1. If I filter the stretch 118-133 down to residues being assigned to a loop (DSSP other than H, G, I, E, B) and among the acidic types (Asp, Glu), which single residue comes out as surrounded by the fewest Cβ atoms within 10 Å (Cβ to Cβ)?
2. Can you tell me which residues in the stretch 219-247 are of a type in the set (A, V, I, L, M, F, W, C) and either under 12 Å from the mean Cα position of the chain (by Cα) or not in a strand (DSSP E or B) (or both)?
3. Is it the case that the stretch 12-19 has a residue that's at pLDDT 75 or above, outside any helix (DSSP H, G or I), of a type in the set (Gly, Ala, Ser) and more than 24 Å from Met200 (Cα to Cα)?
4. Can you tell me which residues in the stretch 249-284 are within 15 Å of Leu183 (Cα to Cα) and of a type in the set (A, V, I, L, M)?
5. Taking the stretch 196-228, which residues are among the polar types (S, T, N, Q) and surrounded by fewer than 21 Cβ atoms within 10 Å (Cβ to Cβ)?
Amino acid sequence: MNDPEFFETLARYQDGSLAPEMVEALESALREDPERRRHFAEWQLRSMALHDHFRQEAFRVPAATPARGRKTTWPPLRPALAAAAGLVIGLFGASVVWAISTPDWTATASRVTGLGDAGFEEGKAGLIEPGFPRTTGRWAGDEAALVDLEGASEGGCVLQFVSPGADVAVPGGPAISCDVFQLVDLRSLRAAAAGEGEAMLELLAKFRDGRAAGTQPSVTFMAQIFLFSGDPATLHQAWPNNLGEALASGAAFVHTMGETKPAWRRLGAKCLVPPGADFAVIQIAARPNLRPAKLEGLFADEISLTLTTRPDLPVRVVD
């Protein structure tokens, strides 16, 4: 098949950059063209086979040979796209990556209840607790406040970033960004995360730049998640110098310079949950890209933390 535009569309779908209207167009093309369905299935299965193989290598978990009669799977897709499932053999370097999928597999996703006041509706209006948090389930950090905002993403109250702050554990360090944190206890999730397969945490956060379009300086909004083992009550003593102790992490960023019509932007940060993860550090932040700078009209809302589990995609690598 010689259709560069179609393969470019598949690549953009693969990396999550395909616009909603283009997803609908892709679904229509797959419904009407069996050859395109076959190519779509091959792309998906190659990607998943490599993902599972190198994930297992990273965590030093030997890839198991699929047992006879065992049902195998692929990640959840929209119904029309899921119909494209099939069998593919991909050649990568000196190895053969073998995978097979069936469309009757489902992932499980559940909200992490340990995240406190995710919509900023439960706390008292005004400044949040200063400094790095020492207990779970509470927002704390640099100067930021819970305020009422017309057009809030959820409810009527949001978090407003007020002023950047320096890290206490870094004497003389500059105030680079306005960072807000929450410690989330993950020990209750161990049963779900310890089963056969993959467990992933996804942090979602919405941000809004309420400044006029073209306002300087530009601002970087950040959503980050770090997983640790041990006692969360001691983490504040050396933060951020102890970031190297994190078992896993994920981050997402967006740069803004105000907007003609202020709108909420959603960021998503993901990380795999390794064995031994006891708690997560959730960090949302606004960083002016010129310092010193006063923060005005910068908000966050509708924070969520979701645990998704799915079985391993069976992969056999033959050298």
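1. Among those that are assigned to a loop (DSSP other than H, G, I, E, B) and among the acidic types (Asp, Glu), it is Glu122.
2. Met222, Ala223, Ile225, Phe226, Ala233, Leu235, Ala238, Trp239, Leu243, Ala246, Leu247
3. yes
4. Ala277, Ala280, Val281, Ile282, Ile284
5. Within the stretch 196-228, Thr215, Gln216, Ser218, Thr220 qualify.
The values are calculated or read from the model by the stated rules, or taken from the named source; none is laboratory data. Fair warning: this is a prediction, and the values are worked out from it, not measured in the lab. Positions of Cβ are generated from backbone atoms using ideal geometry, with glycine treated the same way; all protein chains shown enter the neighbour counts.
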